[in-house]
Amino acid sequence: MVRAETDRPGVRTNPSPGAGERRSVLLVNPPAWFSGGAPRVFERESPPLGLLYLAAYVHAHSDRFAVRVLDVGPEGTSLEALGRCLASTKPFVVGVSAMTIQLQGARDVAMKVRETLPKARIFLGGAHVSADPGFVERHAEAFDHGITGEAETVLLDSLVRLASGTPPPRIQQGQAPVDLDALPVPDRSLVRQARYLQPASLVLSRGCPYHCYFCASPAAFARVRHRSSGSVLSEMEALLGGPRGRVAFADDTFTLNRPLVLDLCSEIHRRSLRPRWSCVTRIDRVDEELVRQMRRAGCDTIGFGIESGNERVRRDVIRKGDYTNEDVYRAVALCQAQGMRVNAFFLIGNPTETDEELDETEAMISRLGLNGVAVSLPIPFPGSALYAMAERDGVIDTDTLDRFARKELGWGVTGVYPLYTPGHDREALLRRMKRIFRRFYLRPTRFLDFLRRDLDQPRLLVEDIRSTLYLLRRGGSRKRPFV
Ligand code: B12
């Protein structure tokens, strides 16, 4: 459902006399695929920040456009309902955001726009097109334009051009804003907060200087930039909505800029705020003093991409960095000593990884005393080194991507989108993955631990119960159904 202009609390009202003539623009976050079922948990995690940034930017710089945002997954919008919404709001431009796993949903949205509003111009943006700009040309029946990377200025410029009858180029490169403080904050009034598990998400930075082999982030964010602590603080203050409010930082690597994080923490104190927050970072980007200050400032949950319990695999294959297992144990213990919940991500089935090395990952998972664990198999997304390796070995190419997007390989992602696990017995990997999940999540202490967290964050309770039932029935994670 797209909320009518009048439904939206806090939506900017246009001060100009021509307010009624604003051209309608619709930005859509498609589901991975349309299935007509209940919203999937991985689509309900947090609002689509990129689209909310884009909408806020357009509204802040022009009064000629009324931008709406539709997050299809959390809203449970069917294709038919999308058609009705298009017919009633008549956007002259529809912008679709897509990571690679959303390409089927993105095409379905675009084809529905073609059918309902043949004159509307359709843009594609987000992680996929940033790494595969040719996708727009190859799917010209669905998309008219693509913008790679960060799109605030280029999207606004394109809207202005189109409104005056001059079409922009088919593919444009986004321009990374140098000063992130100059961007307006994401306009969250455009989505319904109640639909999300972590409604108050925000970023301190854009970009990441590391090159983990599975990550496609550098394709969208060419350079690392940080906001000032003052700017982040005022966004946090607006988001907290109460003394015990909670926010979730969505940065790739939250603690990249140590002095900035320390400054943010001391400012939180100075302003007598009592937020609780979570973030994700790297093992080699935390130290005792930093962790202590973060905890004092309300950080109660930290996530680490550890990926492997074997130093060779982590350093030489995954390109995670040159630190030891001892460093991993030390960093996690530092956070636990401060009373933080620690979650970690692991990747199994990497090239050249042996069974013994996989055993080391399993052993590390049980020794670390974590609060949450996510395990994946390597999925080659364009823009990552993993994709280049899979392409070299003939596992994936642009034709595969196109056939995936057109559902010619099948419908959905699991068992459809290629994985890259050379030299591994796929069934054995899946068995190992299920074993890790069962051992980790079906422990009595884990139930107590989750109960404690759910009392604190009640909106997670139902999801935790569903995940446990899923685990008992299917042996995997509801959050990562496509491994
Ligand atoms: C936070 C995050 C999540 C969160 C929340 C996502 C959300 N609701 O936005 C969660 C944890 C749910 C998540 C899940 C997944 N994620 Co994620 N995620 C990220 C992360 C770290 C930050 C995204 C973000 O908010 N950036 C900040 C905003 C401002 O940037 P942005 O969204 O990219 O938007 C800008 C541009 O892309 C562009 N743009 C975006 N949309 C549009 C649309 C139009 C029309 C235009 C013109 C421009 C445009 O303009 C925006 C403003 O400048 C990125 C890494 C990264 N740095 O991008 C990975 C990333 C996007 N995720 C990724 C992946 C793979 C996933 C999962 C598939 C992982 C998994 N195996 O389960 C799932 C899929 C979930 C789903 N929705 O289907 C990959 C995508 C790679 C690819 N080619 O597809 C990334 C790049 C990380 C990586 N490892 O490579 N993710």
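The values are calculated or read from the model by the stated rules, or taken from the named source; none is laboratory data. These numbers were taken from a predicted model, which means no experiment stands behind them. Cβ: placed from backbone, ideal geometry, glycine included. Neighbour counts: every protein chain shown. To get the accessible areas, we keep the full protein, side chains included, count just its heavy atoms, and leave off ligands, DNA and RNA. Shrake-Rupley method; radii C 1.70, N 1.55, O 1.52, S 1.80 Å.
Some observations on this one:
- Within segment 31-56, the set of residues being among the small types (Gly, Ala, Ser), open to solvent by 30 Å² or more (accessible area, probe 1.4 Å) and more than 7 Å from the ligand (Cβ to nearest atom) comprises Ser35, Gly36, Gly37, Ala38.
- Top-ranked residue in segment 145-190 [being under 15 Å from Gly50 (Cα atoms) and open to solvent by 60 Å² or more (accessible area, probe 1.4 Å); ranked as nearest to the ligand (Cβ to nearest atom)]: Gln175
- Scope segment 191-217; condition surrounded by 19 or more Cβ atoms within 10 Å (Cβ to Cβ) and either assigned to a strand (DSSP E or B) or more than 9 Å from the ligand (Cβ to nearest atom) (or both); matching residues: Val191, Pro199, Ala200, Ser201, Leu202, Leu204, Ser205, Arg206, Tyr213
- The lone exception for Arg114 - which of (1) open to solvent by 10 Å² or more (accessible area, probe 1.4 Å); (2) under 25 Å from the mean Cα position of the chain (by Cα) it fails: (2)
- Qualifying helices (runs of 4 or more DSSP H) (wholly inside segment 55-156; at least 2 residues being within 22 Å of Ile171 (Cβ to Cβ) and not small (Gly, Ala, Ser)): 103-116, 127-131, 134-138
- Some residue of segment 266-283 being under 28 Å from Arg459 (Cβ atoms), part of a helix (DSSP H, G or I) and open to solvent by less than 10 Å² (accessible area, probe 1.4 Å): yes
- Arg446 vs. criteria open to solvent by less than 30 Å² (accessible area, probe 1.4 Å), of a type in the set (Lys, Arg), under 23 Å from Met364 (Cα atoms) and in contact with a helix residue (DSSP H, G or I) (Cβ under 8 Å, 6 or more places away or on another chain): yes
- Restricted to segment 309-350, and to residues there that are over 22 Å from Asp449 (Cα atoms) and hydroxyl-bearing (Ser, Thr, Tyr), the residue that is least open to solvent (accessible area, probe 1.4 Å) is Tyr323.
- Qualifying position, being hydroxyl-bearing (Ser, Thr, Tyr) and open to solvent by 20 Å² or more (accessible area, probe 1.4 Å), among Thr421, Thr398: Thr398
- In the set (1) in contact with a Phe, Trp or Tyr (Cβ under 9 Å, 6 or more places away or on another chain); (2) open to solvent by 50 Å² or more (accessible area, probe 1.4 Å), Arg246 fails one condition alone, (2).
- Yes/no for Gly230 being away from the ligand (no atom under 11 Å from the Cβ), touching a residue at least 12 places away in the same chain (Cβ under 8 Å) and open to solvent by less than 40 Å² (accessible area, probe 1.4 Å): yes
- Test: residue in segment 371-393 that is more than 16 Å from the ligand (Cβ to nearest atom), open to solvent by less than 50 Å² (accessible area, probe 1.4 Å) and over 30 Å from Ala110 (Cβ atoms): yes
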